[in-house]
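Report on one structure; see the data block that follows.
Nothing in this text is a laboratory measurement; each read-out follows from the coordinates by a stated rule. Because the structure is predicted, anything quoted here is derived from the model rather than measured. All Cβ positions, even for glycine, are placed from backbone atoms using ideal geometry, and neighbour counts span all protein chains on display.
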Amino acid sequence: MTTARREVVARRETAARREVASRMADAAVAFLSALDDGQRAVAAWPFHDHAERTRFFYTPTDHGGLRFLDMRPRQQQLAHRLVASGLSRAGYVTVSTVMGLENALDADEGWVTGVGRERGRDPMHYFVRVFGDPQGGEPWGWRFGGHHLSVNHVVVDGEVVGSTPIFLGADPASAPLLGPHPLRPLAGAEDLGRELVRSLDEGQLARALLAPAAPPDLVTGNRPVIATGDGDVPLPLAELFRQRFEGDARRGLDRAQASLEDGLGFTDVHREAVRLTRTPRGLPALDLSAAQRELLRALLDVYVRRIPDELADAEAARYAGDDGLDRLHFAWAGSLEPGEGHYYRVHGPELLAEYDNTQRGVNHVHTVWRHPHRDFGADVLAAHYAARRDDAGHGHDH
């Protein structure tokens with residue numbers, strides 16, 4: 001690409017990031033303005049509270065923020081408007097479907113109560129929190145989360161600079177509808193991943209397969225930073241919640257995890273094999289055929305096209321050409337057969353797409369798209385604050 005062409009593309013991307021940021025700001029202001037003082041004290045949070053802003057969950061726990069349950073209908077609508085501003089049309093429909101699945105899950109579990117809640121599974125137990133002032137000139141962002149959902153965006157200098165991590169899950173992953181086709185909100189992530197791994201020849205598969213047994217959950221879990229130090233292995237189930245579990249509650253969760261791992265045949269050897277390290281493991285995309293490379297691109301589209309089209313186009317451009325795609329690795333663990341536990345990830349310097357389906361009889365999907373260095377806008381924020389320190393220092397010199 002010529003220098004002139006790169007400049008045109010950069011200007012187009014900047015305009016797109018500004019346009020989406022403007023829509024987000026309008027939606028965030030409308031939402032916050034509709035709240036009373038007590039609600040706003042919960043929903044609006046300082047941006048500089050780094051520990052809270054970079055915390056995310058996908059379990060049915062307190063995600064931090066104002067619950068839909070504690071909003072009036074119009075406030076809920078404005079909250080949905082904010083959520084939709086950070087998603088593509090397909091992404092928002094998927095999020096809405098995942099929320100609705102809480103009703104089906106409630107029925108599957110026998111309409112039980114939850115920990116400290118009247119209802120165990122609740123489509124109103126989702127949270128919104130805005131960090132910073134959407135109308136000011138300082139960095140700001142927002143988070144939406146609840147069971148099987150986490151959406152995070154950061155805005156700096158009027159541009160969206162961070163849109164990861166973004167987690168989508170589904171339980172049940174497949175459920176009956178009236179007619180021949182089941183409801184499968186995350187079918188693309190499963191089917192394209194399996195199609196790709198089944199397309200590998202014997203030599204390719206030997207390099208892609210990390211372990212014959214799949215881990216019981218995503219390897220990265222809900223860590224705010226990934227692949228640090230010696231890398232990541234799956235977290236204990238009890239550490240995926242905001243609340244601390246001790247005594248019988250902790251022992252019960254540990255037993256549940258041990259039982260799941262035993263059922264999968266997942267051992268400490270496999271745990272080490274699926275470790276997420278800074279250097280990607282698995283089969284390099286460089287060694288895929290042309291048809292397999294197109295499958296990989298289609299699979300990645302399922303992840304990055306969760307966000308608004310204007311932003312997704314820029315993300316997809318990172319792997320549209322050979323240079324970007326060749327830096328990725330594809331890895332698989334577990335069975336290649338439907339209905340049996342399986343896990344995969346696509347990992348490179350600027351992207352991680354991770355998938356797991358092992359729980360509830362292999363009908364419980366977890367997926368996440370992350371950026372190894374840009375989650376929660378980390379790298380852009382670091383550069384932003386460094387530039388401000390430099391400016392302040394120069395001002396002092398004069």
Distance in nm between label sites at Asp230 and Arg255, each 7 Å beyond Cα in the beta-carbon direction? 3.0 nm
If every Lys and Arg gets +1 and every Asp and Glu gets -1 at its Cβ, then about the Cα centre the chain yields a dipole, in debye to the nearest 20, of 540 debye
So for the chain, taking the charge dipole from beta-carbon charges (+1 Lys/Arg, -1 Asp/Glu), which of Thr358, Ala90, Ala34 sits furthest toward the positive end? Ala34
At a Förster distance of 25 Å, what's the computed FRET efficiency of Tyr385 paired with Ser33, Cβ-Cβ distance as r, to 0.05? 0.30
With N residues in the chain, what two-decimal value do you get for its Cα radius of gyration over 2.2 N^0.38 Å? 0.99
Which of the listed residues, Ala256, Tyr58, His270, is farthest toward the dipole's positive end in the chain, when Lys, Arg count +1 and Asp, Glu count -1 at the beta-carbon? Tyr58
Under the rule rounded for a/c under 1.5, else prolate if a/b exceeds b/c, else oblate, using alpha carbon gyration tensor axes a ≥ b ≥ c, the stretch 173-283 is classed as oblate
From the C-alpha coordinates alone, can you work out the Kirkwood hydrodynamic radius of the stretch 14-164, in Å? 15.7 Å
If one builds a Gaussian network model of the chain from Cα atoms under 10 Å apart, the most fluctuating residue listed among Val42, Val93, Val112 is Val112
By how many nm would the segment from His48 to Asp309 grow when fully extended, if each residue of separation counts as 0.36 nm and the alpha-carbon distance is taken off? 91.1 nm
For Asp191 paired with Asp62, estimate the spin-label separation in nm (one decimal), with each label point 7 Å from Cα along the Cα-to-Cβ line. 4.1 nm
Among Ala79, Ala173, Ala90, the residue with the largest mean-square fluctuation in a Gaussian network model of the chain built from Cα contacts under 10 Å is Ala90
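Working out 0.36 nm times the residue gap between Leu177 and Asp70, then minus their Cα-Cα distance, what length gain in nm do you get to one decimal? List each step's numbers first, then the result.
On the way: separation 107, 0.36 × 107 = 38.52 nm, distance 3.12 nm.
So the extension gain works out to 35.4 nm.
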Which FRET efficiency value, to the nearest 0.05, is calculated for Arg18 and Arg89 with the Förster distance at 25 angstrom and r the Cβ-Cβ distance? 0.75
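Subtract the Cα-Cα distance of Arg40 and Glu340 from 0.36 nm times their separation in residues, and report this length gain in nm to one decimal. Present the calculation step by step, with values, prior to reporting the outcome.
Working: separation 300, 0.36 × 300 = 108.00 nm, distance 4.56 nm.
Length difference between fully extended and current span is 103.4 nm.
Are there any GluC sites (Glu not before Pro) in the stretch 166-255 that are in a DSSP loop and have at most 11 other Cβ atoms within 10 Å? List them by number. Spell out each step's value before the answer.
On the way: sites: Glu190, Glu195, Glu202, Glu239, Glu246; in loops: Glu246.
Here the sparse-neighbourhood loop sites are Glu246.
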Vicinal HN-Hα couplings computed from phi for the stretch 141-153 (Karplus, 6.51 cos²θ - 1.76 cosθ + 1.60; Hz; Gly/Pro x): x, 8, 9, 10, x, x, 4, 6, 9, 8, 10, 9, 9
